[in-house]
Amino acid sequence: MTVTASPQAPDAPAALEPIRSVLVVGAGTMGSGIAQVVAEAGIAALLVDSHAPSLARGMGGIDAAWERAVAKGRRSEEEAANARSRIRAVASLADAAGVDLVIEAIVENVEAKEALFREAAAAVGPGAILASNTSSISITRLAAAVPQPERVVGLHFFNPVPVLPLVEVVRGLGTSDETIARTIAFARRLGKTPVEVNDFPGFVANRVLLPMINEAIFALGEGVADAASIDAVMRLGMSHPMGPLALADLIGLDVCLDILATLQRDIGDDKYRAAPLLRRLVAAGKLGRKSGEGFYRYD
Ligand code: CAA
């Protein structure tokens, strides 16, 4: 009897099911940026937001980005039209039953995210991955809200999403290896560089970044130097693309305050307490670029 070698070793890993369609929940800066890069990568993208004007603004922003890219010669008319044809605004999660991946980019509030994950888990198939773009909330906690925690993962993009190459892929306590592998393959397909991290408050990026921003705000509040000087020191002395105060305005001062509160509460160390000046600006509605004023004014 002749025995021929099997074409595939018995313990070879099964081929990963690729992500063919994505639902992005939340059409703010992050959500619309994520939907944009998904469509640009040739993957069907659905965008939903419970607030209809935000959805319209998000879709409008994506269109404007593609028009700018064509005007600057970075993309052809045809490429932009193809990308546009792959993205669709939908009214509710019920319109996204067949998607392979849900990425939530809603408000940084644990209860709101838990409720959304419960709704998403019921709306999409059992094989779909549920990802959160949270900047600091525990993935393990969000996973506990759904029946299959192994399919929940963190997928943390950086602002501006179309420009910055990093995504943190966050492994919760129950996240399966398959979910991590499919998520990493998806991030690579977007042209991003995934870095896997474990589920600790703030992950790596915000655990390191926010104390620096907070310290710059303390320095400003104590009169060490004015905002432009603090930012100039970090841009010109450390080669940061923008200073920490300008960056805080880009991120949103309310978001910075939320992340610091999560770090302080969940790590239990007061070294993460927010600078009083940050609290005052947020209380005054000065949230950075999105409100027209933070450490700087924006027209
Ligand atoms: N959307 C899309 N593209 C954008 C953009 C946006 N919002 N802002 C800038 N760009 C593009 C521009 O079109 C330009 O592309 P081309 O060269 O092809 O024309 C390119 O980026 C460079 O832009 P500019 O010349 O206008 O400005 P710049 O060189 O000063 O870069 C910047 C602007 C990309 C924002 C840069 O200053 C930078 O990288 N800053 C640091 C941003 C950062 O650290 N982000 C992370 C924040 S933390 C976070 O997001 C996570 C969290 O959880 C808080």
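Each value in this text was obtained by applying a stated rule to the coordinates, not by laboratory testing. Note that the structure is a prediction, hence the values are computed from the model and not measured. So basically every Cβ, Gly included, is an ideal-geometry build from the backbone, and we count neighbours across all protein chains shown.
With θ taken as phi - 60° and the coefficients 6.51, -1.76 and 1.60, list the Karplus ³J(HN,Hα) couplings across segment 130-142 in order, rounded to whole Hz; mark glycine and proline as x.
10, 10, 10, 8, 3, 8, 7, 6, 5, 5, 4, 5, 4
Please state the Cα pair-distance histogram of segment 8-146 with 5 angstrom bins from zero: what percent is in each bin?
2, 10, 19, 20, 18, 13, 8, 6, 3, 1, 0
If you plug each phi of segment 67-75 into the Karplus form 6.51 cos²θ - 1.76 cosθ + 1.60 with θ = phi - 60°, what whole-Hz ³J(HN,Hα) values come out, in order, with x for Gly and Pro?
These are the phi-based 3J(HN,Hα) values: 5, 4, 5, 5, 4, 7, x, 7, 9 Hz.
Compare the peptides 166-179, 74-87 by average per-residue count of other Cβ atoms within 10 angstrom and give them in order, highest first. Walk me through the numbers on the way to the answer.
Working: 166-179: 19.6, 74-87: 14.6.
Taking the mean over residues of other Cβ atoms within 10 Å, the ranking is 166-179, 74-87.
Output the peptides 190-200, 148-158 sorted from most to least packed, where packing is the average of other Cβ atoms within 10 Å over each peptide's residues. It would help to have the intermediate numbers written out before the result.
Numbers: 190-200: 16.5, 148-158: 23.0.
Result, highest mean first: 148-158, 190-200.
Quote the relative contact order of segment 208-291 in percent (integer), defining contacts as alpha-carbon pairs under 8 Å separated by 6+ residues.
On the way: 86 pairs, mean separation 27.3, N = 84.
Taking the mean separation of contacting Cα pairs over the length of segment 208-291, I get 33 percent.
Antiparallel versus total DSSP beta bridges in the chain: what percent is that, nearest 5? Each step should come with its number before you reach the end.
Values: 5 of 30 bridges.
About 15 percent, rounded to the nearest 5.
If you plug each phi of segment 271-282 into the Karplus form 6.51 cos²θ - 1.76 cosθ + 1.60 with θ = phi - 60°, what whole-Hz ³J(HN,Hα) values come out, in order, with x for Gly and Pro?
For segment 271-282, the Karplus curve yields 5, 8, 4, 6, 4, x, 5, 5, 4, 5, 4, 5 Hz.
For the chain, what is the convex hull (Cα atoms) projected area averaged across all directions, in square nanometres?
Numbers: hull surface 80.4 nm².
The orientation-averaged projected area of the Cα hull of the chain comes to 20.1 nm².
How much mean residue ellipticity at 222 nm does the chain get from its helices, if each DSSP H run of length 4 or more adds -39500 (n - 2.57) and you divide by all residues, to the nearest 500 deg cm²/dmol? Before the final figure, lay out each step's value.
On the way: 11 runs with 128 residues, N = 299.
Mean residue ellipticity at 222 nm (helix-derived): -13000 deg cm²/dmol.
What is the packing order of peptides 45-55, 29-39, taking the mean over residues of other C-beta atoms within 10 Å and listing the highest first? Intermediate values should be presented prior to the final figure.
Details: 45-55: 18.5, 29-39: 24.7.
Packing order, densest peptide first, comes out as 29-39, 45-55.
What percentage of all Cα-Cα pairs in segment 158-299 are separated by more than 19 Å? Show your work: numbers first, answer last.
Working: 5762 of 10011 pairs.
Percentage above 19 Å: 58.
Taking H placed 1.01 Å from N in the peptide plane, check which residues at least 5 places from residue 287 or on another chain put their amide H under 5 Å from its amide H.
293
Relative to a virtual label point 7 Å from the Cα of residue 264 in the Cα→beta-carbon direction, which members of segment 211-240 show backbone nitrogen distances below 18 Å?
Correct set: 211-222.
Taking R0 as 30 Å, what FRET efficiency do you get between residue 280 and residue 118 from their Cβ-Cβ distance, rounded to the nearest 0.05? Each step should come with its number before you reach the end.
On the way: r = 36 Å, r/R0 = 1.21.
E between residue 280 and residue 118, to the nearest 0.05, is 0.25.
At a Förster distance of 45 Å, what's the computed FRET efficiency of residue 64 paired with residue 273, Cβ-Cβ distance as r, to 0.05? Please report the intermediate quantities before stating the final value.
Values: r = 39 Å, r/R0 = 0.86.
Step by step, r from the Cβ atoms, then E = 0.70.
Across 10 Å bins from 0, what is the distribution of all Cα-Cα pair distances for segment 102-237, in whole percents?
12, 37, 28, 14, 8, 1
Quick one: Cα convex hull volume of segment 208-291, Å³ per residue?
Roughly 88 Å³ of hull volume per residue.
Along Cα→Cβ, 7 Å out, is where each label goes; now give me the distance between the ones at residue 77 and residue 51 in nm to one decimal.
3.6 nm
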